[in-house]
Amino acid sequence: MLFSNHLLGAAAFAGFAAAFPSPSASLPAPNLFPRAACSGNTATTRSQWCDYSVDTDTTAEAPDTGVTREYWLELTDVTVAPDGVSRTAMAVNGSIPGPTLFADWGDTVIVHVNNLLTTSQNGTSIHFHGIRQNYTNDQDGVVSITQCPTAPSTSITYKWRAIQYGSTWYHSHFALQAWQGILGGIIINGPATANYDEDLGMLFLNDWDHQTVDELYISAETDGPPTLDNGLINGTNTYEDGGYRYNTTFTANTSYRIRLVNGAVDTHWKFMLDNHTMTVIAADLVPITPYTTDVLSIGMGQRYDVIITADQAATADSFWMRAIPQSACSDNDNSDDIRGIVYYGTSTTTPTTSAYSYTDSCDDEDLATLVPYVAKTVGTSTSTTLEDASVGFNSDNLFRWTLNSTSMVVDWADPTLSQILNGNTTYATDDAVIQLPNANEWVYLVIQTTLTVPHPIHLHGHDFSVLAQGSGTYSDSVSLSLTNPIRRDTAMLPSAGYLVVAFETDNPGAWLMHCHIGWHTSEGFALQFIERSSEIAAITNTTSLDSNCAAWTTFQETNSIEQDDSGV
């Protein structure tokens, strides 16, 4: 059944699994310790996790469970009608969103991906968004950077360690495929900064159109971002007289953890549950000091873990859950009706509840409220890199974004990792490379724009510290927050403003940074850091990289496949 969250079992894939190459060997993350047997964390002891707790610094240590979680994902072309209107799409194991991948903090995760996108003739990859991939850069799943596309009728295996915990998602990093349906949740069980009774799992917020994103990209390149038809909550919604709403039941006086993901191509959401208050306990994969809010602002690629207590049974039996596109940066024809239903008891009625008031904006949550639970101080940097984001027309009169003074164009068939292994030390301008050769140094980066368009900026391979966000032009007079600023992997570059981030060079690899608006990524809004280049070859599975590229090159040449976007 489409739009359900289920896994295909290993037994169903016995022959399929045998065809996969062995997963790559990788260096362990630092300071891994065996996990002792324990009763685990409970509704009243969520801060505890075996011999560890929410006080543990995940950048310094993690449990070593000795457990491997293994998953098989099959990607197919499908016809779907999530809001009652039929169109073509792509699915993971027959569903959109795809199955949630579960692991415990400290587990090893192996994911086998079989590309059966033979109708669309699409290559593919799977990127594990927000997973730092410590010393496993070749498992990051980014075409043109860490791998070639995986060709139709071939497969690839990814292997990584869950040294973080919390909520995130996986998605394709090939063209606009993530917004065709190749996405799903990741839950890494671990401690939490507040207690709760039940875990409701992933809740995806996606925009949706009755044309495919590939069709829409043609107009995005020439006329700017298109207005989308609808939005989905966990893969479903209504449109005119069709479709059905997401709904779930609450038991009075029970507290529920919900793991929110903004998986949209071009929509900034305000999320709320009428009459209820949310306690926010994590931003991306970083536990934070809990704070309460009625309305949550969530940019593309971001995740928030929230706890909602079912304390409104006396008010009504059914309540609207709302995902509201912000008109300041998101165009949607159904913006007032992207809704689900939460009900008390055994059946639901149509809610009559009212939304909280909010300011229409595309900003992050207030930096003052986003306080990492494990405090860290940002080190000093000897220099600050300043990059301007802008947009213009290329020679074909198509929109292209620039960052690092260029619009990124990288080659599916010649990924950065292959160039590094071949001894490259210089790169084409449109590879948009910033080289970081030294270990354990702090990098400060300022991205600014004069355009009145906000952008969600996502960095692979790291959590970054957000030192400042603001309107106007950045200058040395801007005050930087160095004492325990929020650490996350996706943050908003404000409209006509600046974003200042910092990270430490503690993870060798080729790491992409890009705007998470799908149109903008494809239009070149990206750069890449080549970090500690001399160490990368030793941690790369050359055999897997080369064989995947050889299969792609054969497929691309045989079928005359042409690359028409940035390559990432």
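The values are calculated or read from the model by the stated rules, or taken from the named source; none is laboratory data. What you are looking at is a predicted structure, and each value in this text was computed from that prediction instead of being measured. Methodologically, a virtual Cβ is constructed for each residue, glycine included, from the backbone with ideal geometry; neighbour enumeration extends over all protein chains shown. These area figures cover heavy atoms from the full protein model, side chains too; ligands, DNA and RNA do not enter into them. Shrake-Rupley method; radii C 1.70, N 1.55, O 1.52, S 1.80 Å.
Taking the Cα centre of the stretch 195-374 as the origin and placing charges on Cβ (Lys, Arg +1; Asp, Glu -1), which of Ile218, Thr292, Ile324 is farthest toward the positive end of the dipole? In the stretch 195-374, that residue is Thr292. Tell me, what is the FRET efficiency for Thr292 and Ser381 to the nearest 0.05, using R0 = 60 angstrom and their Cβ-Cβ distance as r? So the FRET efficiency works out to roughly 0.95. The order of the peptides 155-163, 238-246 by mean Cβ neighbours within 10 Å, most packed first, is 155-163, 238-246. Each of the peptides 82-89, 217-224 was scored by the mean count of other Cβ atoms within 10 Å over its residues; in descending order, highest first, they stand as 82-89, 217-224. In order along the stretch 313-330, phi translates into HN-Hα couplings of 4, 6, 7, 6, 9, 9, 9, 6, 9, 10, 10, 10, x, 8, 5, 5, 8, 9 Hz, rounded to whole numbers, per the Karplus curve 6.51 cos²θ - 1.76 cosθ + 1.60 with θ = phi - 60° and x for Gly and Pro.
Of the whole protein surface, Ser471 contributes about 100 Å² of accessible area at a 1.4 Å probe radius.
Label positions at Thr251 and Glu215, each projected 7 Å from the Cα along the C-beta direction, are separated by 4.5 nm. Working note: Cα atoms of the chain, range along each principal axis, descending, whole Å: 68, 58, 50.
Which whole-number percent gives the relative contact order of the chain, counting Cα pairs below 8 Å spaced six or more residues apart?
15
With θ taken as phi - 60° and the Karplus curve 6.51 cos²θ - 1.76 cosθ + 1.60 applied, the whole-hertz 3J(HN,Hα) list for the stretch 420-433 is 4, 5, 8, x, 4, 10, 10, 9, 4, 4, 7, 6, 6, 9 Hz, x standing for glycine and proline.
With distances taken between every two different alpha-carbon atoms, the stretch 383-558 has a Kirkwood hydrodynamic radius of 17.3 Å. If you plug the beta carbon distance of Leu480 and Phe393 into 1/(1 + (r/R0)^6) with R0 = 35 Å, you get a FRET efficiency near 0.50.
Under 1.5 on a/c is rounded, so check that first for the stretch 195-374, then, if it is not, pick prolate when a/b is larger than b/c and oblate when it is not; a ≥ b ≥ c are the square roots of the alpha carbon gyration tensor eigenvalues. It is oblate, given that a/c is not under 1.5 and a/b is not larger than b/c.
Computed from label points 7 Å out along Cα-Cβ, the spacing between Ser405 and Ala537 is 3.0 nm.
Between the beta carbons of Ser53 and Asp317, assuming R0 = 41 Å, the FRET efficiency works out to 0.60 to the nearest 0.05. Around the amide H of Ser47, modelled in the peptide plane, lie the amide H atoms of Ala192, all under 5 Å away and 5 or more residues distant in sequence or on another chain. With no solvent and one equal point scatterer per Cα, compute the Debye intensity ratio I(q)/I(0) for the stretch 38-191 at 0.14, 0.18 Å⁻¹ and report its log10, rounded to two decimals. Each listed q corresponds, in turn, to -0.71, -1.01. Put a plus charge on the Cβ of each Lys and Arg, a minus charge on the Cβ of each Asp and Glu, and nothing anywhere else: the dipole of the chain about its Cα centre is then about 1300 debye. The stretch 393-459 and the stretch 135-207 have Cα centres separated by 22 Å.
Please give the solvent-accessible surface of Arg532 in Å², to the nearest 10, using a probe radius of 1.4 Å with every protein chain present. Accessible area of Arg532: about 20 Å². A simple charge model with +1 on the Cβ of Lys and Arg, -1 on the Cβ of Asp and Glu and nothing else charged puts the dipole of the stretch 195-374 at about 760 debye relative to its Cα centre. Across the stretch 383-558, C-alpha contacts under 8 Å between residues 6 or more apart give a mean separation that, scaled by the residue count, equals a relative contact order of 28 percent.
Here the 3J(HN,Hα) profile of the stretch 553-560, calculated from phi with Karplus coefficients 6.51, -1.76 and 1.60 at θ = phi - 60°, is 4, 4, 5, 4, 5, 5, 9, 6 Hz, Gly and Pro shown as x.
Given an 8 Å cut-off on Cα distances and at least 6 residues of separation, report the relative contact order of the stretch 193-298 as a percent. Provide the component values of the computation, followed by the final result.
Details: 150 pairs, mean separation 34.8, N = 106.
Relative contact order for the stretch 193-298 comes out at 33 percent.
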